Amino acid sequence: RLIATRPNHDGLWLVSPDGGLSQLREGTSYDAEWSPDGTAILLRAARADGPRRDHAVAVIDLASGETTLLSEWRATMPTLPRWSADGSQALLLNEASGDIERFATDHAAVDASGPAFLLAESGTVAADAVTKAPLAPLGGTRLLNLTPSPDRQRLAFEALGGNLFVVNADGSGLTDLGAGHRPTWSPDGQWVAFMRTQDDGHQMLAADLYAARADGSATVQLTDASGLEMNPSWSADGAQIAFDDGQTVYLLPVSE
């Protein structure tokens, strides 16, 4: 199954493989993330309060469809919540202090290894393990779309105004994958799929999907169409990549 939102993060929907669509939440929803056991969705919820927009850490339980707020509504929440590796907590980075807030999710912990990584607005990467220092693999360059590998031992990310990279969780082994946006890992951690785009400074003119070996040794073009193929997401079984054209969600069969 997929989770999707409309332009401007309007609402949140659950999309089934047969094309079925069910709305999980109305209102603005930012960067929702599946729980490790696939039974819940974590997000930064938003609500309008007159001219002001407030935010809260929220969890949607898929069995009941209920949304639970894990934090109070706040006037500002510059970072996004992330699941802990075992799913028992929601984590939120306080960029000002460098501390990580922790919220119990009432979900049973699953067996998992490796830390969860959180991206600060400034582009620095923090981990939920006290022994790990913040990462800045490109110095002061701002990072975007941080995506941990399935085993949480590597990170894929974009450099603002630059290329797509992979780096080990300890900051070593920086690998340049070339131009790319919106990385997604294959389940075995061997490949990173992403999109490459062209624009005229005002609107997107072209977008295609590519996949690169995480070690940078090969890159394969996956689509070559006249439309826009954007925002790839690799399925859990590795057999398909979901993507959209801004209006419709598609499935692309792939073999690793």
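Every residue, every condition in (1) among the polar types (S, T, N, Q); (2) modelled with pLDDT of 95 or more; (3) under 21 Å from the mean Cα position of the chain (by Cα), yes or no:
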position	(1), (2), (3)
172	yes, no, no
198	yes, no, no
212	no, yes, yes
217	yes, yes, no
228	no, no, yes
231	yes, no, yes
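Residues that are modelled with pLDDT of 90 or more and open to solvent by 40 Å² or more (accessible area, probe 1.4 Å): does segment 43-54 have at least one? Checked segment 43-54: no residue is modelled with pLDDT of 90 or more and open to solvent by 40 Å² or more (accessible area, probe 1.4 Å). Exactly one residue out of 65, 161 is open to solvent by less than 50 Å² (accessible area, probe 1.4 Å), on the phi > 0 side of the Ramachandran plot and part of a loop (DSSP other than H, G, I, E, B), and it is 65. The set of residues in segment 5-33 being part of a strand (DSSP E or B), out of contact with any Lys or Arg (no Cβ under 9 Å at 6 or more places or on another chain), surrounded by fewer than 18 Cβ atoms within 10 Å (Cβ to Cβ) and not polar (S, T, N, Q) consists of 6, 10, 21, 26.
The C-beta contact set for segment 21-42 (first residue under 18 Å from residue 247 (Cα atoms), second residue open to solvent by 40 Å² or more (accessible area, probe 1.4 Å) and hydrophobic (A, V, I, L, M, F, W, C), distance under 6 angstrom, 6+ apart or interchain) comprises 31/80. Can you find, within segment 106-125, the residue that is least open to solvent (accessible area, probe 1.4 Å) among those that are in a loop (DSSP other than H, G, I, E, B) and within 21 Å of residue 60 (Cα to Cα)? By that ranking, first place goes to 116.
Residues in segment 221-249 that are touching a residue at least 60 places away in the same chain (Cβ under 8 Å), surrounded by 14 or more Cβ atoms within 10 Å (Cβ to Cβ) and either over 20 Å from residue 185 (Cα atoms) or in contact with a Ser or Thr (Cβ under 7 Å, 6 or more places away or on another chain) (or both): 233, 242. Number of residues in segment 200-219 that are in contact with a strand residue (DSSP E or B) (Cβ under 9 Å, 6 or more places away or on another chain), under 17 Å from residue 163 (Cβ atoms) and of a type outside the set (Phe, Trp, Tyr) equals 11.
For residue 202, the conditions (1) surrounded by 13 or more Cβ atoms within 10 Å (Cβ to Cβ); (2) farther than 25 Å from residue 32 by Cβ all hold with the exception of (1). Residue count for segment 37-62 under the criterion of being in a loop (DSSP other than H, G, I, E, B) and under 24 Å from residue 111 (Cβ atoms): the result is 4. In segment 76-93, the residue that is nearest to residue 29 (Cα to Cα) out of those that are open to solvent by 40 Å² or more (accessible area, probe 1.4 Å) and touching a strand residue (DSSP E or B) at 6+ places or on another chain (Cβ under 6 Å) is 80. Within segment 94-105, the residues that satisfy the criterion of being surrounded by fewer than 11 Cβ atoms within 10 Å (Cβ to Cβ) and modelled with pLDDT under 85 are 96, 97. Yes or no: segment 176-198 includes at least one residue that is open to solvent by 60 Å² or more (accessible area, probe 1.4 Å) and without any contact (Cβ under 8 Å) to a residue 12 or more places away in the chain. Yes - at least one qualifying residue is present in segment 176-198.
The values are calculated or read from the model by the stated rules, or taken from the named source; none is laboratory data. Computed from a prediction, not measured in an experiment: that's the story for all the values here. Please note: Cβ atoms are built from the backbone with ideal geometry, for glycine as well, and neighbour counts cover all protein chains shown. SASA here: full protein model, heavy atoms, side chains in, ligands and nucleic acids out. Shrake-Rupley method; radii C 1.70, N 1.55, O 1.52, S 1.80 Å.
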